[in-house]
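Bear in mind these aren't lab numbers, they're just calculated from the coordinates by the rules spelled out. These figures come from a predicted structure and were not determined experimentally. Here the Cβ is made from the backbone with ideal geometry for all residues, glycine too, and neighbour counts use every protein chain on show.
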Amino acid sequence: MRHSRLVLVMLGVVALHMGAAAQTQRWTEEKASSWYKQQPWLVGSNYIPANAINELEMWQADTFDPQRIDKELGWAESLGMNTMRVFLHDLLWQQDAEGFKKRLDTFLTIAAKHHIRPLFVLFDSCWDPFPKLGPQHPPIPGVHNSGWVQSPGAMALQDPAQYGRLKDYVTGVVGAFASDARILGWDLWNEPSNTNGGAYGAVEPKNKPELVEALLAQVFAWARAANPSQPLTSGIWDGDWSSTEKLSSIQRIQMDQSDVITFHNYSWPEDFEQHVQWLERYHRPIICTEFMARPVGSTFDTILPVAKKHGVGAINWGLVAGKTQTYLPWESWQHPYILDRPPVWFHEVFKADGTPYREEEARIIRTLTGHGR
């Protein structure tokens, strides 16, 4: 009898372990498809308030601005937008974990009021590799995204002793909101292979791609250990995706670990559609988490109809023109727009007062999202 009880206990422990393990595995194609069928057609923007230059200024207690966020998300809602891609930062967790969670909850309450479910980004390889807490510097005149900062920064990325706190950040944030229906999903690392050649390339770690590759797989494991009800992803953004053999090692991690497929495309609609068709072979939901750069052929007018035809979510860069200055083109890093302005805005949908940059563009978005009037 004692032997039988022991066997039953051991079987129970094994079953419990197997159940926990099953919950922390990548979603099956069927689960991902079922989740996507429950979503509306996902349309939104990469969002930061007009009065913040980067993620730190958006979220730190001294500069967090719920009133501004409420106003701007109301403008997004008026177009029928139902999601926002929003960047977080590991230093915010290190600075004040409890306060950060409270501000995240406040943001989610505001977003839910406007029927918007955000996709939160945990890490980012783009722009300044030396983030610092506290007051952020003012925008560099005439330069696109002159104050955006990476997470983790170069110092943390090169220091394995800091990986423990990075794990705490991932498991802490994802764990705190793992069952929160107000969240669409978790974008674990934005453009992980980006080495910022046109801006900060000279001061980036020489072995950055190798460091990121080693850490990226761990980040997926950390996030899954928090057992989120929302999907995990990390979007591919460069290169040729026409076959698995052509993917880089970092892209293979992204494609092998993501529950839903996300990607970036800032090119003509023909190129956008080609990349979508390449990704359709994975038989998973597809969301474009960055598009819309007017002067280089990526516009709402041309991209949104293609995305809707293929059932692809579409999240453009930039909602409101502000301190990020991303209405200026990428090449403003080499040629700052100080004495004049470009003839066409690069990103953004609204001016700082809530007026659409192009009323016809706003009408097209409203029509395609079913909010036409």
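The table below gives the values:
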quantity: Those residues of region 148-180 whose amide nitrogen sits under 15 Å from the label point placed on Ala225, 7 Å along Cα→Cβ; calculated: 161-176
quantity: Sites Ala202 and Lys37 - FRET efficiency at Förster radius 35 Å, r taken between beta-carbons, to 0.05; calculated: 0.15
quantity: Reference-scaled alpha-carbon Rg (2.2 N^0.38 Å with N residues) for region 219-286; calculated: 1.16
quantity: Extended-chain gain in nm, criterion 0.36 nm per residue less alpha-carbon gap, Thr63 and Gln25; calculated: 9.9 nm
quantity: Listed pairs Lys208/Lys323; Lys113/Lys208; Lys31/Lys308 exceeding 31 Å between Cα atoms; calculated: Lys113/Lys208
quantity: Projected-area average for the chain over all orientations - Cα convex hull basis, square nanometres; calculated: 20.8
quantity: By average C-beta atoms within 10 angstrom, highest first, the peptides 24-30, 347-353, 365-371; calculated: 347-353, 365-371, 24-30
quantity: Helix runs (DSSP H) in the chain reaching 30 Å along axis by Cα, Kyte-Doolittle at least -1.0; calculated: 2-23
quantity: Shape parameters for region 224-373, alpha-carbon atoms, Rg then Dmax in Å; calculated: 17.0, 52
quantity: Gain on full stretching of the segment that runs from Val306 to Asp238 - 0.36 nm per residue minus C-alpha separation; calculated: 22.5 nm
quantity: Point-to-point label distance, Glu77-Leu339, nm (Cα→Cβ direction, 7 Å offset); calculated: 4.6
quantity: Selected from Pro342, Pro152, Pro205 as most flexible by GNM, with the chain as the system and alpha-carbon contacts under 10 Å; calculated: Pro342
quantity: Extension gain from His137 to Glu210, taking 0.36 nm per residue of separation minus the Cα-Cα distance; calculated: 23.2 nm
quantity: Highest average packing first - 43-50, 179-186, 282-289, Cβ atoms within 10 Å; calculated: 43-50, 282-289, 179-186
